[in-house]
1. Looking at the chain, send over the antiparallel percent of its DSSP beta bridges, to the nearest 5.
2. How would you rank 192-198, 84-90, highest first, on the average number of other Cβ atoms within 10 Å across their residues?
3. How much length is gained on full extension from D138 to E82, taking 0.36 nm per residue of separation minus their Cα-Cα distance?
4. Given a 1.4 Å probe and every protein chain left where it sits, what share in percent of the accessible area of segment 5-303 is carbon and sulfur?
5. What is the packing order of peptides 34-45, 222-233, taking the mean over residues of other C-beta atoms within 10 Å and listing the highest first?
6. Only four residue types carry charge here, +1 at the Cβ of Lys and Arg and -1 at the Cβ of Asp and Glu. Report the dipole size of the chain about the Cα centre in Debye, rounded to the nearest 20.
7. Quick one: Cα centre-to-centre distance for segment 257-319 and segment 135-158, in angstrom?
8. Please state the shape class of the chain: rounded when a/c is under 1.5, otherwise prolate if a/b exceeds b/c and oblate if not, all from the C-alpha gyration tensor.
Amino acid sequence: MGARVFSLILLPTLQCNADCDYCFEDKTNDRLSLARLQVLIDKVLDHLVEKDISGLLIHWQGGEVMTLPPSWFARAYTLIGEAADQRGRGVTHGLQTNMIGYSARWDPVIREMFGNCVSTSLDYPNLYRRRRGRDAGDFNAVWLERVRLARAAGIEVGVIAVPNAATLALGAEGFYHQFVDELGIRSFQVNTPFPGGESNTAKGLMPLASDTLGRFFIELAEVWLARGYQQGVRLDPFNELLAYFSGTPRVLPCIWTDDCANHILCIDPRGNVAQCDCWVASYPDYWFGNIFECDSLSAMLAASPVRERFHQRPMALVARDCIDCDFLALCHGGCPVRAFSVHGTLFEKDPHCALYQRLFGHMASAAARLARAAACGARG
Ligand code: SF4
Ligand code: SF4
Ligand code: SF4
(Lines give C-alpha, C1' and ligand atoms only; values in the text may rest on other atoms or scores of the structure.)
(Ligands and ions follow the chains in the order given, each with its own letter.)
Protein backbone atom coordinates (compact mmCIF):
# COMPACT_ATOMS: atom_id res chain seq x y z
CA MET A 1 0.00 0.00 0.00
CA GLY A 2 1.24 3.54 -0.77
CA ALA A 3 2.36 5.72 2.12
CA ARG A 4 0.67 8.92 1.04
CA VAL A 5 -1.78 10.86 3.19
CA PHE A 6 -4.74 12.62 1.64
CA SER A 7 -6.30 15.69 3.30
CA LEU A 8 -10.05 16.16 3.47
CA ILE A 9 -11.39 19.53 4.64
CA LEU A 10 -14.80 18.54 5.92
CA LEU A 11 -17.40 21.18 6.71
CA PRO A 12 -20.12 19.36 8.70
CA THR A 13 -22.03 22.61 9.17
CA LEU A 14 -22.22 26.06 7.57
CA GLN A 15 -23.71 27.61 10.71
CA CYS A 16 -21.49 30.01 12.64
CA ASN A 17 -21.78 31.89 15.93
CA ALA A 18 -19.55 34.65 14.55
CA ASP A 19 -19.89 37.19 11.76
CA CYS A 20 -16.39 38.16 10.68
CA ASP A 21 -16.12 40.94 8.10
CA TYR A 22 -13.68 39.06 5.90
CA CYS A 23 -15.50 35.70 6.00
CA PHE A 24 -15.85 34.07 2.56
CA GLU A 25 -18.57 31.66 3.62
CA ASP A 26 -22.25 31.94 2.80
CA LYS A 27 -23.48 30.85 6.22
CA THR A 28 -26.59 28.66 6.08
CA ASN A 29 -28.41 26.28 8.40
CA ASP A 30 -27.06 23.21 6.58
CA ARG A 31 -25.77 20.43 8.80
CA LEU A 32 -24.42 17.04 7.85
CA SER A 33 -26.44 14.16 9.33
CA LEU A 34 -24.61 11.09 10.61
CA ALA A 35 -26.42 9.00 7.99
CA ARG A 36 -25.06 11.25 5.23
CA LEU A 37 -21.61 11.26 6.88
CA GLN A 38 -21.59 7.45 6.56
CA VAL A 39 -22.27 7.69 2.81
CA LEU A 40 -19.68 10.45 2.41
CA ILE A 41 -16.90 8.71 4.33
CA ASP A 42 -17.49 5.38 2.57
CA LYS A 43 -16.97 7.09 -0.79
CA VAL A 44 -13.90 9.03 0.37
CA LEU A 45 -12.28 5.89 1.79
CA ASP A 46 -13.11 3.91 -1.36
CA HIS A 47 -11.29 6.66 -3.29
CA LEU A 48 -8.23 6.15 -1.08
CA VAL A 49 -8.32 2.40 -1.74
CA GLU A 50 -8.60 3.00 -5.48
CA LYS A 51 -5.67 5.44 -5.46
CA ASP A 52 -3.55 3.30 -3.12
CA ILE A 53 -3.39 6.01 -0.45
CA SER A 54 -2.91 4.70 3.07
CA GLY A 55 -3.95 7.62 5.26
CA LEU A 56 -6.65 10.27 5.55
CA LEU A 57 -6.29 13.48 7.54
CA ILE A 58 -9.67 15.10 8.14
CA HIS A 59 -9.57 18.82 8.91
CA TRP A 60 -12.93 19.55 10.56
CA GLN A 61 -13.99 23.12 9.84
CA GLY A 62 -17.21 25.06 9.44
CA GLY A 63 -19.02 27.43 9.57
CA GLU A 64 -18.16 26.79 13.18
CA VAL A 65 -17.78 23.16 14.20
CA MET A 66 -18.77 23.83 17.82
CA THR A 67 -22.31 24.77 16.75
CA LEU A 68 -22.72 20.96 16.52
CA PRO A 69 -22.80 19.08 19.85
CA PRO A 70 -19.71 17.14 21.03
CA SER A 71 -21.85 13.97 21.04
CA TRP A 72 -22.18 14.30 17.24
CA PHE A 73 -18.39 14.23 16.91
CA ALA A 74 -18.07 11.26 19.29
CA ARG A 75 -20.48 9.28 17.09
CA ALA A 76 -18.76 10.49 13.90
CA TYR A 77 -15.40 9.37 15.31
CA THR A 78 -16.67 5.83 15.88
CA LEU A 79 -18.42 5.68 12.52
CA ILE A 80 -15.33 6.86 10.60
CA GLY A 81 -13.01 4.57 12.57
CA GLU A 82 -15.12 1.53 11.71
CA ALA A 83 -15.31 2.46 8.02
CA ALA A 84 -11.51 2.99 7.91
CA ASP A 85 -10.78 -0.32 9.68
CA GLN A 86 -12.91 -2.18 7.13
CA ARG A 87 -10.64 -0.83 4.39
CA GLY A 88 -7.30 -1.00 6.22
CA ARG A 89 -6.82 2.81 6.13
CA GLY A 90 -5.63 5.11 8.91
CA VAL A 91 -7.57 8.28 9.74
CA THR A 92 -6.44 11.21 11.89
CA HIS A 93 -8.50 14.26 12.78
CA GLY A 94 -7.75 17.97 13.21
CA LEU A 95 -10.14 20.58 14.60
CA GLN A 96 -10.34 24.21 13.44
CA THR A 97 -12.64 26.26 15.67
CA ASN A 98 -13.18 29.89 16.66
CA MET A 99 -13.42 28.63 20.31
CA ILE A 100 -16.47 30.84 21.05
CA GLY A 101 -18.62 27.76 21.78
CA TYR A 102 -15.96 25.90 23.76
CA SER A 103 -16.77 24.53 27.23
CA ALA A 104 -15.56 21.57 29.29
CA ARG A 105 -18.24 19.45 27.55
CA TRP A 106 -15.83 19.30 24.60
CA ASP A 107 -12.86 17.96 26.55
CA PRO A 108 -13.47 14.18 26.12
CA VAL A 109 -13.94 14.42 22.35
CA ILE A 110 -11.00 16.81 21.94
CA ARG A 111 -8.86 14.36 23.92
CA GLU A 112 -9.93 11.18 22.12
CA MET A 113 -10.60 12.34 18.59
CA PHE A 114 -8.23 15.29 18.23
CA GLY A 115 -5.22 14.23 20.35
CA ASN A 116 -5.95 17.03 22.86
CA CYS A 117 -5.11 19.73 20.28
CA VAL A 118 -7.21 22.39 18.60
CA SER A 119 -6.39 25.04 16.04
CA THR A 120 -8.08 28.42 16.26
CA SER A 121 -7.78 31.92 14.79
CA LEU A 122 -6.90 35.26 16.34
CA ASP A 123 -5.95 38.51 14.65
CA TYR A 124 -4.11 41.26 16.49
CA PRO A 125 -5.11 44.02 16.61
CA ASN A 126 -8.49 42.55 15.71
CA LEU A 127 -10.35 44.61 13.10
CA TYR A 128 -12.60 42.03 11.46
CA ARG A 129 -13.40 39.07 13.71
CA ARG A 130 -16.59 39.58 15.70
CA ARG A 131 -19.57 37.80 17.21
CA ARG A 132 -22.94 38.61 15.69
CA GLY A 133 -23.91 42.18 16.65
CA ARG A 134 -20.79 42.67 18.84
CA ASP A 135 -17.54 44.51 18.33
CA ALA A 136 -14.09 43.11 17.66
CA GLY A 137 -12.89 43.75 21.26
CA ASP A 138 -15.66 41.49 22.57
CA PHE A 139 -14.49 38.68 20.26
CA ASN A 140 -10.93 38.72 21.54
CA ALA A 141 -12.05 38.88 25.19
CA VAL A 142 -14.37 35.87 24.83
CA TRP A 143 -11.77 34.00 22.75
CA LEU A 144 -9.12 34.54 25.41
CA GLU A 145 -11.37 33.36 28.22
CA ARG A 146 -12.23 30.14 26.32
CA VAL A 147 -8.60 29.53 25.37
CA ARG A 148 -7.53 29.91 28.99
CA LEU A 149 -10.16 27.36 30.02
CA ALA A 150 -9.01 24.94 27.32
CA ARG A 151 -5.38 25.32 28.30
CA ALA A 152 -6.26 24.73 31.95
CA ALA A 153 -7.81 21.44 30.80
CA GLY A 154 -4.49 20.48 29.19
CA ILE A 155 -5.54 21.20 25.60
CA GLU A 156 -2.80 22.42 23.25
CA VAL A 157 -4.06 25.45 21.32
CA GLY A 158 -2.47 26.43 17.98
CA VAL A 159 -3.39 29.77 16.43
CA ILE A 160 -3.70 31.10 12.88
CA ALA A 161 -3.41 34.87 12.41
CA VAL A 162 -4.10 36.99 9.35
CA PRO A 163 -2.29 40.37 9.40
CA ASN A 164 -4.35 43.49 8.68
CA ALA A 165 -3.46 47.17 8.30
CA ALA A 166 -3.40 47.64 12.10
CA THR A 167 -1.06 44.64 12.48
CA LEU A 168 1.37 46.23 10.02
CA ALA A 169 1.12 49.57 11.83
CA LEU A 170 1.86 47.84 15.14
CA GLY A 171 4.90 46.09 13.65
CA ALA A 172 6.42 42.64 14.03
CA GLU A 173 7.92 43.19 17.48
CA GLY A 174 4.60 44.34 18.99
CA PHE A 175 2.68 41.53 17.26
CA TYR A 176 5.11 38.85 18.46
CA HIS A 177 5.12 40.31 21.99
CA GLN A 178 1.31 40.16 22.14
CA PHE A 179 1.07 36.56 20.96
CA VAL A 180 4.01 35.03 22.82
CA ASP A 181 4.66 37.21 25.88
CA GLU A 182 1.14 38.45 26.65
CA LEU A 183 -1.04 35.54 25.51
CA GLY A 184 1.46 32.73 26.09
CA ILE A 185 0.95 31.24 22.60
CA ARG A 186 3.74 28.80 21.74
CA SER A 187 2.54 27.65 18.32
CA PHE A 188 1.11 29.93 15.67
CA GLN A 189 1.00 30.56 11.97
CA VAL A 190 0.69 33.78 9.99
CA ASN A 191 -1.29 33.53 6.76
CA THR A 192 -1.28 35.93 3.82
CA PRO A 193 -4.66 37.69 3.37
CA PHE A 194 -6.83 37.34 0.28
CA PRO A 195 -10.26 38.71 -0.67
CA GLY A 196 -12.13 35.40 -1.12
CA GLY A 197 -15.88 35.43 -1.80
CA GLU A 198 -18.22 38.34 -2.27
CA SER A 199 -16.55 41.73 -2.12
CA ASN A 200 -17.03 44.12 0.84
CA THR A 201 -15.17 47.00 2.50
CA ALA A 202 -12.82 44.79 4.53
CA LYS A 203 -11.93 42.64 1.52
CA GLY A 204 -11.45 45.76 -0.60
CA LEU A 205 -8.29 46.39 1.48
CA MET A 206 -6.85 42.94 0.61
CA PRO A 207 -4.27 41.90 -0.30
CA LEU A 208 -2.19 44.41 1.64
CA ALA A 209 0.59 46.22 -0.19
CA SER A 210 3.20 43.60 -0.91
CA ASP A 211 6.24 45.65 0.16
CA THR A 212 4.75 46.57 3.56
CA LEU A 213 3.47 43.04 4.17
CA GLY A 214 6.82 41.64 3.00
CA ARG A 215 8.70 43.88 5.45
CA PHE A 216 6.40 42.70 8.27
CA PHE A 217 7.04 39.03 7.44
CA ILE A 218 10.83 39.52 7.30
CA GLU A 219 10.89 41.44 10.57
CA LEU A 220 8.66 38.83 12.22
CA ALA A 221 10.99 36.06 11.03
CA GLU A 222 13.93 37.91 12.59
CA VAL A 223 12.11 38.44 15.90
CA TRP A 224 11.26 34.73 15.99
CA LEU A 225 14.81 33.66 15.09
CA ALA A 226 16.19 35.86 17.87
CA ARG A 227 13.65 35.13 20.59
CA GLY A 228 11.57 32.05 19.77
CA TYR A 229 13.27 29.57 17.47
CA GLN A 230 15.58 28.13 20.13
CA GLN A 231 13.12 28.71 22.94
CA GLY A 232 10.51 26.24 21.67
CA VAL A 233 8.14 28.73 20.00
CA ARG A 234 6.83 27.39 16.72
CA LEU A 235 5.98 30.13 14.25
CA ASP A 236 4.99 29.23 10.69
CA PRO A 237 5.64 29.52 7.83
CA PHE A 238 9.13 30.47 9.11
CA ASN A 239 9.65 27.23 11.04
CA GLU A 240 8.87 25.03 8.04
CA LEU A 241 10.82 27.21 5.62
CA LEU A 242 13.86 27.05 7.86
CA ALA A 243 13.53 23.25 7.88
CA TYR A 244 13.16 23.26 4.07
CA PHE A 245 16.33 25.32 3.54
CA SER A 246 18.18 23.26 6.15
CA GLY A 247 17.30 20.04 4.35
CA THR A 248 15.38 18.57 7.30
CA PRO A 249 11.83 17.09 7.23
CA ARG A 250 9.11 19.70 6.88
CA VAL A 251 5.42 20.07 6.16
CA LEU A 252 5.01 23.15 4.02
CA PRO A 253 1.61 24.88 3.84
CA CYS A 254 -0.64 23.89 0.95
CA ILE A 255 -0.01 27.20 -0.86
CA TRP A 256 3.44 25.87 -1.82
CA THR A 257 2.57 22.30 -2.82
CA ASP A 258 3.28 21.10 -6.36
CA ASP A 259 -0.44 20.73 -7.15
CA CYS A 260 -2.87 21.04 -4.27
CA ALA A 261 -5.55 19.19 -6.28
CA ASN A 262 -3.50 16.01 -5.85
CA HIS A 263 -3.50 16.17 -2.07
CA ILE A 264 -6.54 18.04 -0.78
CA LEU A 265 -10.30 18.06 -1.21
CA CYS A 266 -13.14 19.85 0.55
CA ILE A 267 -16.75 18.74 1.06
CA ASP A 268 -19.55 20.87 2.51
CA PRO A 269 -22.64 19.61 4.39
CA ARG A 270 -24.68 19.51 1.18
CA GLY A 271 -22.07 17.19 -0.37
CA ASN A 272 -20.55 19.74 -2.74
CA VAL A 273 -16.94 18.85 -3.54
CA ALA A 274 -14.31 21.48 -4.37
CA GLN A 275 -10.63 22.20 -3.91
CA CYS A 276 -10.82 23.79 -0.45
CA ASP A 277 -13.17 25.69 1.85
CA CYS A 278 -13.11 29.02 -0.01
CA TRP A 279 -13.89 27.32 -3.32
CA VAL A 280 -16.75 25.27 -1.91
CA ALA A 281 -18.21 28.21 0.02
CA SER A 282 -17.81 30.99 -2.53
CA TYR A 283 -17.38 29.76 -6.09
CA PRO A 284 -20.05 27.22 -7.19
CA ASP A 285 -18.78 27.36 -10.78
CA TYR A 286 -15.61 25.71 -9.45
CA TRP A 287 -17.26 22.74 -7.72
CA PHE A 288 -16.01 19.33 -8.88
CA GLY A 289 -19.44 17.75 -8.31
CA ASN A 290 -21.59 16.42 -5.45
CA ILE A 291 -20.57 13.36 -3.48
CA PHE A 292 -24.19 12.37 -2.83
CA GLU A 293 -24.97 12.43 -6.53
CA CYS A 294 -22.13 10.19 -7.73
CA ASP A 295 -21.48 6.46 -7.42
CA SER A 296 -17.71 6.87 -7.18
CA LEU A 297 -15.69 9.84 -5.94
CA SER A 298 -12.68 8.67 -8.00
CA ALA A 299 -14.75 8.64 -11.19
CA MET A 300 -16.30 12.01 -10.41
CA LEU A 301 -12.88 13.63 -9.80
CA ALA A 302 -11.37 12.06 -12.91
CA ALA A 303 -14.22 13.39 -15.06
CA SER A 304 -14.21 16.92 -13.60
CA PRO A 305 -13.03 19.55 -16.13
CA VAL A 306 -12.69 22.06 -13.28
CA ARG A 307 -10.27 19.83 -11.40
CA GLU A 308 -8.32 19.33 -14.61
CA ARG A 309 -7.80 23.10 -14.77
CA PHE A 310 -6.28 23.02 -11.29
CA HIS A 311 -3.89 20.28 -12.50
CA GLN A 312 -2.93 22.39 -15.53
CA ARG A 313 -2.17 25.53 -13.52
CA PRO A 314 1.38 24.78 -12.19
CA MET A 315 2.75 23.86 -15.64
CA ALA A 316 1.05 26.82 -17.29
CA LEU A 317 2.62 29.20 -14.78
CA VAL A 318 6.03 27.58 -15.09
CA ALA A 319 5.92 28.04 -18.85
CA ARG A 320 4.83 31.67 -18.65
CA ASP A 321 5.61 33.43 -15.34
CA CYS A 322 7.77 31.39 -13.00
CA ILE A 323 10.38 29.72 -15.24
CA ASP A 324 13.25 31.96 -14.10
CA CYS A 325 12.35 31.95 -10.42
CA ASP A 326 15.01 30.53 -8.07
CA PHE A 327 12.24 29.15 -5.88
CA LEU A 328 10.11 27.43 -8.48
CA ALA A 329 10.68 23.97 -6.97
CA LEU A 330 9.39 25.27 -3.65
CA CYS A 331 6.50 27.53 -4.65
CA HIS A 332 5.04 26.22 -7.95
CA GLY A 333 3.24 29.50 -8.57
CA GLY A 334 1.58 29.68 -5.15
CA CYS A 335 -2.07 29.34 -4.19
CA PRO A 336 -4.85 29.06 -6.79
CA VAL A 337 -7.52 30.69 -4.63
CA ARG A 338 -5.32 33.68 -3.79
CA ALA A 339 -4.71 34.14 -7.51
CA PHE A 340 -8.38 33.70 -8.40
CA SER A 341 -9.71 36.03 -5.70
CA VAL A 342 -7.51 38.85 -7.01
CA HIS A 343 -7.26 38.16 -10.76
CA GLY A 344 -10.48 36.20 -11.47
CA THR A 345 -8.54 33.35 -13.10
CA LEU A 346 -6.60 30.31 -11.97
CA PHE A 347 -3.88 30.99 -14.51
CA GLU A 348 -2.12 33.83 -12.73
CA LYS A 349 0.59 33.45 -10.14
CA ASP A 350 -0.15 34.08 -6.47
CA PRO A 351 -0.55 37.85 -5.80
CA HIS A 352 1.94 37.49 -2.91
CA CYS A 353 4.72 36.37 -5.30
CA ALA A 354 7.04 39.29 -4.40
CA LEU A 355 6.56 38.65 -0.68
CA TYR A 356 7.28 34.93 -1.14
CA GLN A 357 10.47 35.58 -3.11
CA ARG A 358 11.71 37.95 -0.44
CA LEU A 359 10.78 35.57 2.37
CA PHE A 360 12.31 32.50 0.69
CA GLY A 361 15.58 34.38 0.12
CA HIS A 362 15.62 35.57 3.72
CA MET A 363 14.95 32.13 5.21
CA ALA A 364 17.54 30.51 2.91
CA SER A 365 20.13 33.01 4.26
CA ALA A 366 18.98 32.37 7.83
CA ALA A 367 19.37 28.60 7.35
CA ALA A 368 22.91 29.10 5.96
CA ARG A 369 23.76 31.45 8.85
CA LEU A 370 22.55 28.92 11.43
CA ALA A 371 24.45 26.08 9.71
CA ARG A 372 27.67 28.16 9.79
CA ALA A 373 27.16 28.99 13.46
CA ALA A 374 26.56 25.30 14.26
CA ALA A 375 29.73 24.31 12.35
CA CYS A 376 31.79 26.91 14.23
CA GLY A 377 30.32 25.70 17.52
CA ALA A 378 31.20 22.07 16.68
CA ARG A 379 34.81 23.08 15.91
CA GLY A 380 34.95 24.86 19.28
S1 SF4 B 1 -15.54 32.22 12.52
FE2 SF4 B 1 -14.91 31.56 10.45
S3 SF4 B 1 -16.80 30.85 9.46
FE4 SF4 B 1 -17.41 32.05 11.26
S5 SF4 B 1 -17.76 34.14 10.46
FE6 SF4 B 1 -15.64 34.05 11.21
S7 SF4 B 1 -14.38 33.50 9.39
FE8 SF4 B 1 -16.55 33.00 8.91
S1 SF4 C 1 -6.44 26.71 -3.39
FE2 SF4 C 1 -4.81 27.53 -2.05
S3 SF4 C 1 -5.65 27.40 0.04
FE4 SF4 C 1 -6.90 26.05 -1.31
S5 SF4 C 1 -5.94 24.00 -1.12
FE6 SF4 C 1 -5.06 25.01 -2.93
S7 SF4 C 1 -3.19 25.99 -2.15
FE8 SF4 C 1 -4.46 25.51 -0.37
S1 SF4 D 1 7.80 33.02 -5.99
FE2 SF4 D 1 6.60 33.97 -7.63
S3 SF4 D 1 7.78 33.57 -9.52
FE4 SF4 D 1 8.53 32.16 -7.92
S5 SF4 D 1 7.37 30.27 -8.22
FE6 SF4 D 1 6.30 31.52 -6.68
S7 SF4 D 1 4.77 32.71 -7.79
FE8 SF4 D 1 6.27 31.92 -9.30
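The values are calculated or read from the model by the stated rules, or taken from the named source; none is laboratory data. Since this is a predicted model, take the numbers as computed values, not measurements. Methodologically, a virtual Cβ is constructed for each residue, glycine included, from the backbone with ideal geometry; neighbour enumeration extends over all protein chains shown. Note: areas computed on protein heavy atoms with side chains; ligands, DNA, RNA excluded. Shrake-Rupley method; radii C 1.70, N 1.55, O 1.52, S 1.80 Å.
1. Rounded to the nearest five, the antiparallel share is 20 percent.
2. Descending packing order for the listed peptides: 192-198, 84-90.
3. Numbers: separation 56, 0.36 × 56 = 20.16 nm, distance 4.14 nm.
Full extension from D138 to E82 adds 16.0 nm.
4. It is 50 percent, rounded to a whole number.
5. 34-45, 222-233
6. My answer is approximately 660 debye.
7. 34 Å
8. Rounded shape, in that the Cα axes give a/c under 1.5.
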